[in-house]
Structures are given as structure tokens and as C-alpha cells.
Amino acid sequence: MDPLRNTSIYHELQKREAEGRPIRVGVVGAGATGRAIALQLGTPVPGIRLAGMSNRTPKHAERAFREAGIGEWKAAEKPSDAEASIAKGVPVIVDDPNVLTRCNGIDLIVEVTGTVDFSASVALDAIGHAKPVVLVNAELDSLNGPILKAKADAAGVVLTHTDGDEPGVAMTLFRYVQTVGLRPVAAGNIKGMVDYYRTPDTQRDFAARNDQDVRKVTSFADATKLSMETTVLANATGFGVARRGMCGPACGYVRELAKLLPSEAMLSGGIVDYSVGAAPHTGAFVVVHEENPYKKTQLAYYKLGDGPFYVFYTPFHLPHIQLPSTIARAVIHRDPTVSPLAGPSCEVVTVAKRALKAGERLDGVGGFCAYGLIENRAAARAGNALPIAMSDDCVLLRDVAKDDVVKFSDVRMPPSRLRDELWAEQQKRWPAGTATSGRVGQKSPDLVAAE
């Protein structure tokens, strides 16, 4: 009898490396995160190769290759040119991402631009050419993830957010505790600080010191990126939020969340949330619930507390280092790390950072005008809230007070964009007030609100 085949990701990648058939990855975006990903893949990871990189300014992709120790590359203008170069072991740099999405020498696309319309077009073209897609892009995933996932399912390919980003770290832990028979009731991020009123002016020095885009780091500080990441997680778990913006208790150690998060909300269908200032100061957590007295005794013995809520956590999140796991799972096992169960469970709504005046043009994520807060989808639709990822270039028709939610009726929308079309399609497929979550044994928050 033949020995049983070891199908673990590690062994499958080792086998691919030995056989000279690595997973060939095309990365779209050469900003700070894209360069970090290129560094990790270019070193290289056994069984995976960085085969191509796309950026509208090719010199940034060239910088990424140099920092990754890649000494030879070619420019390619057509998919066939890229395929020929990759076949010879020479990676390519392109300014048109469709050269990668349509190239037979690329097995998977990693989208890491942080844009919405552009990244949606990249994802759709990759899906249309039967390529799995990894989104390192909470902006797009939190807005259009469910409908993109539906299109990927129809095409028979994987669409997934990435391990290493907090939604992937939390979801990997979430799936683990489910696997061992525990019941997760909350999950989320471990944050150092949140200040809704940070702007590019307050974050400019920090961005410069860390070679980061100033609007991106502003979105980190003002809760917008946190809300987008937890929305990605909510859509993957079917969880909701206990209130708009989440509770976000401050504490010294993440396990204190067992007594600080609202028990009723956790037990009535599950929530996503976050801690502020808690050790280990980074990573993600999952809260489980257990009432069995014998199991509680055992969990206490193993230093997890007295219950009935217990906090498990991962004390790191490293998007560029953990990404290869997501790439391998998507290609080898067709297993998404984190992707929507069905329609949206939550949305990220636009909230005024200051008093806004009629005639002002909103400046979107990480700007001066607004911050984004996660909200249950039913409440967001009942209030006609404008998603933050759709807010840029909207012109206000009336004044909006500081900390008020901006509504669709408050703005004149810009000419129709791809994100708007996808969002409309998403609303049509999963109308507000219908059950869209995948909570086992629980009603959708949309359905509960409609009753």
C-alpha cells in the first residue's frame, strides 16, 4: 500500500519547489505594503515566486524588486510577452495590471493598491480569466466584497482577504476554535489607539518617518481602517456590532475583554469589536462562550479564567509575512482565508469629522472631512447612510453637523463609478431586511431588525 500523502501546505509547497513548479504570483501595487510583500516573496518563499508586479509608476515596482534582491526583470506590454519572460524565470514589471491578470504565466493575483474602483476592475478581470485573487485591500473588500465573492464563486475561483491583516488573523483563530469544538461569540482587533478626528495634517510626520502614505495612516488612526477590517470579519462570520463604531473598551490585557464586552450582544448572534491599549498591543482575538461546569473547571486550570467567556488571541499581525499562507491555501486547497459568507452583515458609514457645509466636496478615506464607523447593515440601510468608501468626490447638498452620519440624501454623487455599480448590484442581490448572514442557529441582524 502506498504511504498516505501529506497534503499540508508546508509539504505541498516543498513538493512544488522540488519539482520546479512554484505558484507564480502577480502583485498589483508597489506602495509600502506592496514592497514588503515583494521582499517576502522575493527572498523567496519555497514553492512560491514573485513572477510579476504592476504599478502605474514602474520605477516604484523596480524599487520593490531591488529591495527584494531581484536583480533581473523585464518590462512587458502584452500577456504573451510576460508569459515568455516568466517561463525563463525572469519576472516582469508592467504598468497595466491586465497584462498580469490575462497572463498564463501567472497563477494568482494579489491586489494591494488600497484603491476601490481600480482594484475592483483588477479583481474582476482576474476572476474573468480564472485566477484566484487575494485582496490586501479592506477598502474594496468592506464595500464590495460580498458581490465580488459571488462572482468569484460563479467563476470557480477563490477570492479572499489575507492572513496577516487583522481580519485574516482573527478568522484563522476563529476557524481553529470552531474546529476544536468551542463556540466563538466575538472577534476583532487589538488596537493601540483610536482618535476619530485625526487628519492628514496630524499624521504627516508619522507617515514621513515610516515611509507610508499619509492618508493611509490617517485612516489607521481615525477608526476608518479598523471599521473596514472588522466589517470584512463581520461579513465572514455573520457577526454584527453591539452599537455603531463598536464598544472598544480600554484595558491593560486583552483577556480582560471577557468581562468588558456586552454579554447579551455576544450571545444573541455574535459581535466584532476591538480593545484599546491592551497587551499584547497588536494582533487579533476571539472570545468563546462555555457554560459546562466541568469544561469551565478545565479552562480555569489552564489559566484561561473563570468564564463563561474566554479570550483567545494571536499576538501579532504581519501582512507581508503571513500572506504566503493565504496564497498557498487559495491555490493548493482552494481555501479562502477570510471571505464573505453571503451578503453584507455590516457596512462602514460616513461620519463628519467636523461641521461640514453645503457645497463642500468630501475627500474620502483618510481625509479631512469624515471618518468611517462600522454599523449593522440593517441600521445603515434604514438610515440611508453613505458608505465611507463611496464618499470621495460627493458634494454636500446641505450642512452636516460634526459626528452626524452623512446620508445619500445629503450629497450629490459623482458620475457613476464601478464601485457604485457593484454596490447597487450587491443591494439588489441581498436586499436589506432579508437574511444574509451565515450564523449557525441565529437569525440575521437584518431579519431581526425587520421583525
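Residues in segment 233-248 that are in a loop (DSSP other than H, G, I, E, B) and of a type in the set (Gly, Ala, Ser): 4 in all. Of all residues in segment 166-183, none satisfies being outside any helix (DSSP H, G or I), open to solvent by less than 20 Å² (accessible area, probe 1.4 Å), at pLDDT 95 or above and acidic (Asp, Glu).
Quick one: which of Thr337, Thr350 is over 14 Å from Met390 (Cβ atoms), polar (S, T, N, Q) and in contact with a helix residue (DSSP H, G or I) (Cβ under 9 Å, 6 or more places away or on another chain)?
Exactly one residue qualifies, and that residue is Thr337.
Restricting the first member to segment 200-219 and to residues that are closer than 17 Å to Ala30 by Cα and free of Cβ contacts under 8 Å to residues at least 24 places away in the same chain, and the second to residues that are in a helix (DSSP H, G or I) and of a type in the set (D, E, K, R), the beta-carbon pairs closer than 8 Å and six or more apart or on different chains are Ala207/Lys216.
Could you identify the single residue in Asp335, Asp393 that is over 23 Å from Asp163 (Cα atoms) and of a type in the set (Asp, Glu)? Exactly one residue qualifies, and that residue is Asp393.
Scanning segment 380-438 for residues that are assigned to a loop (DSSP other than H, G, I, E, B), of a type in the set (A, V, I, L, M, F, W, C) and in contact with a strand residue (DSSP E or B) (Cβ under 7 Å, 6 or more places away or on another chain) yields a count of 5.
The rows are residues; the columns are (1) touching a residue at least 24 places away in the same chain (Cβ under 8 Å); (2) open to solvent by less than 30 Å² (accessible area, probe 1.4 Å).
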| position | (1), (2) |
| --- | --- |
| Gln14 | yes, no |
| Gly31 | yes, no |
| Gln40 | yes, no |
| Ala64 | yes, yes |
| Glu67 | yes, no |
| Val90 | no, yes |
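From the list Thr33, Thr7, Thr43, which residue is among the polar types (S, T, N, Q) and within 23 Å of the chain's Cα centre (by Cα)?
It is Thr33.
Answer yes if at least one residue in segment 203-213 is open to solvent by 20 Å² or more (accessible area, probe 1.4 Å) and under 16 Å from Ala138 (Cα atoms), and no otherwise. Taking every residue of segment 203-213 in turn, at least one turns out to be open to solvent by 20 Å² or more (accessible area, probe 1.4 Å) and under 16 Å from Ala138 (Cα atoms).
Within segment 113-140, track down each residue that is among the hydrophobic types (A, V, I, L, M, F, W, C) and in a helix (DSSP H, G or I). If the condition is that a residue be among the hydrophobic types (A, V, I, L, M, F, W, C) and in a helix (DSSP H, G or I), then Phe118, Ala120, Val122, Ala123, Leu124, Ala126, Ile127, Ala138, Leu140 are the ones that fit. Among Ala61, Ala18, Ala84, Ala76, which is the only one that is farther than 23 Å from Gly114 by Cβ and in contact with a strand residue (DSSP E or B) (Cβ under 7 Å, 6 or more places away or on another chain)? That would be Ala76, the only listed residue that is farther than 23 Å from Gly114 by Cβ and in contact with a strand residue (DSSP E or B) (Cβ under 7 Å, 6 or more places away or on another chain). Among the conditions (1) in contact (Cβ under 8 Å) with a residue 40 or more places away in the chain; (2) surrounded by 24 or more Cβ atoms within 10 Å (Cβ to Cβ); (3) not aliphatic (A, V, I, L, M), the only one that Asp107 does not satisfy is (2). So for segment 407-423 (the condition being without any contact (Cβ under 8 Å) to a residue 12 or more places away in the chain, surrounded by fewer than 18 Cβ atoms within 10 Å (Cβ to Cβ) and among the aliphatic types (A, V, I, L, M)), does at least one residue qualify? Looking through segment 407-423, none of the residues is without any contact (Cβ under 8 Å) to a residue 12 or more places away in the chain, surrounded by fewer than 18 Cβ atoms within 10 Å (Cβ to Cβ) and among the aliphatic types (A, V, I, L, M). Of all the listed residues (Ile48, Ile9), the sole one being closer than 22 Å to Leu318 by Cβ, open to solvent by less than 30 Å² (accessible area, probe 1.4 Å) and in contact with a helix residue (DSSP H, G or I) (Cβ under 8 Å, 6 or more places away or on another chain) is Ile48.
For segment 18-29, a residue qualifies if it is open to solvent by 10 Å² or more (accessible area, probe 1.4 Å) and not basic (Lys, Arg), and the qualifying residues are Ala18, Glu19, Gly20, Pro22. Given Pro97, Pro91, which one is more than 25 Å from Gln212 (Cα to Cα) and at pLDDT 95 or above? Answer to the check: Pro91.
Hey, among Ser85, Ser54, which residue is open to solvent by less than 10 Å² (accessible area, probe 1.4 Å), modelled with pLDDT of 95 or more and more than 17 Å from Ala126 (Cβ to Cβ)? Answer to the selection: Ser85. May I ask you to verify whether Ala187 is in contact with a helix residue (DSSP H, G or I) (Cβ under 8 Å, 6 or more places away or on another chain), open to solvent by less than 50 Å² (accessible area, probe 1.4 Å) and assigned to a helix (DSSP H, G or I)? For Ala187, the condition - in contact with a helix residue (DSSP H, G or I) (Cβ under 8 Å, 6 or more places away or on another chain), open to solvent by less than 50 Å² (accessible area, probe 1.4 Å) and assigned to a helix (DSSP H, G or I) - is not met.
The values are calculated or read from the model by the stated rules, or taken from the named source; none is laboratory data. Given the structure is predicted, the values throughout are model-derived calculations rather than measurements. FYI the Cβ positions are ideal-geometry reconstructions off the backbone, even for glycines, and counts take in every protein chain you see. When the accessible area is computed, the model is the full protein with side chains, heavy atoms only, and any ligands, DNA or RNA have been set aside. Shrake-Rupley method; radii C 1.70, N 1.55, O 1.52, S 1.80 Å.
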